[in-house]
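Here the structure comes first, spelled out in structure tokens, and everything after it is commentary.
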Amino acid sequence: MIGRPGHAPVLLPQVLAFLRPIPDGLYLDLTVGIGGHAEGILEASGPTGRLVGLDRDREVLLLARERLARFESRVRLVHADYRDLRAVAAAEGLETWDGALLDLGVSSVQLDDPARGFAFSRPGPLDMRMDRAGGGATAADLLRDLPEAELSRILQEYGEERWARRIARRIVAARAVAPLTRTDALADLVAGAIPRRAWPKRIHPATRTVQAVRIAVIREMEGLAEALGEAIHGLRPGGRVIVIAF
């Protein structure tokens, strides 16, 4: 596990400007990660502001606990998915809050760890799960088991990949010979499936495919609308919900 507990989120100033933390406020970080945004919110809402942070990645929660330990009882970290907000709020006795934050996607800490399999720039196993200890299908599992039509749909819908059908066809042909188990092997396959003249100029030709597979593995879009609805429903007057998406 590669960790950088002191790493500051790039958009922290913007988050604080929009969220406008207040003393005694209660805030939810529904994707707390290693605690960068949470740390900023707790500092800005001191000395008595509180924060409840959720994350389904047990490994980054350990880093968040270390980073936020100095805030003691002002912070509560829960191993949970943002889609479980209603259940977590009930369990924690939360009815209303002053703000909530959702930072979608994968953190730099997760990307930088080859063992997690999120980035083809760092060759590793095709895993991409947020909670490896909790089981669930890996990226390799999906690429091995999904029908060609479903693979194509995922690449089109989640990656906006214009060559989705062609890439899906190549994946199915390749797995008939040997399973795809490595990030660099997937990247090479995708690059070979797209005509060189059609390669994007600023990103690797496999970028959209890897993004789409990641979204499918971590089920990023599932429950998002419900979580946003719950976050908004519990807002106190003047409260705000912020969503970061790239």
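Computed 3J(HN,Hα) for the range 48-54, one whole-Hz value per residue from the Karplus formula 6.51 cos²θ - 1.76 cosθ + 1.60 where θ = phi - 60°, is 10, x, 10, 9, 10, x, 10, glycine and proline marked x. The amide H of Arg50, built 1.01 Å from its N in the peptide plane, has Gly25, Leu26, Tyr27 as neighbours under 5 Å, considering only residues 5 or more places off or on other chains. Positive end of the dipole of the chain (Cβ unit charges, origin at the Cα centre): among Ser121, Gly238, Ile215, the Cα lying farthest that way belongs to Ser121. Given an 8 Å cut-off on Cα distances and at least 6 residues of separation, report the relative contact order of the chain as a percent. It comes to 22 percent, rounded to a whole number. Can you pull out the GluC sites (Glu not before Pro) in the range 52-98 whose DSSP state is coil and whose Cβ has at most 13 other Cβ atoms within 10 Å? Those that pass, being in a loop and sparsely packed, are Glu95.
The orientation-averaged projection of the convex hull spanning the C-alpha atoms of the range 110-218 amounts to 6.3 square nanometres. Helix content alone sets the calculated 222 nm mean residue ellipticity of the chain: runs of n ≥ 4 DSSP H residues at -39500 (n - 2.57) each, divided across all residues, give -12000 deg cm²/dmol. Taking Val78, Val15, Val177 as the candidate residues, the one with maximal mean-square fluctuation in a Gaussian network model of the chain, Cα springs under 10 Å, is Val177. A simple charge model with +1 on the Cβ of Lys and Arg, -1 on the Cβ of Asp and Glu and nothing else charged puts the dipole of the chain at about 1040 debye relative to its Cα centre.
I'd like the GluC sites (Glu not before Pro) in the range 127-207 restricted to DSSP loop residues with at most 14 other Cβ atoms within 10 Å, sorted by number. Here the GluC sites (Glu not before Pro) that fit, given the DSSP loop and packing criteria, are Glu160.
Expressed as a fraction of 2.2 N^0.38 Å, the value expected for a compact globular protein of N residues, the C-alpha radius of gyration of the chain is 1.10.
Values in this text are rule-based calculations from the coordinates and carry no lab data. Fair warning: this is a prediction, and the values are worked out from it, not measured in the lab. All Cβ positions, glycine included, derive from the backbone under ideal geometry; neighbour counts span all protein chains shown.
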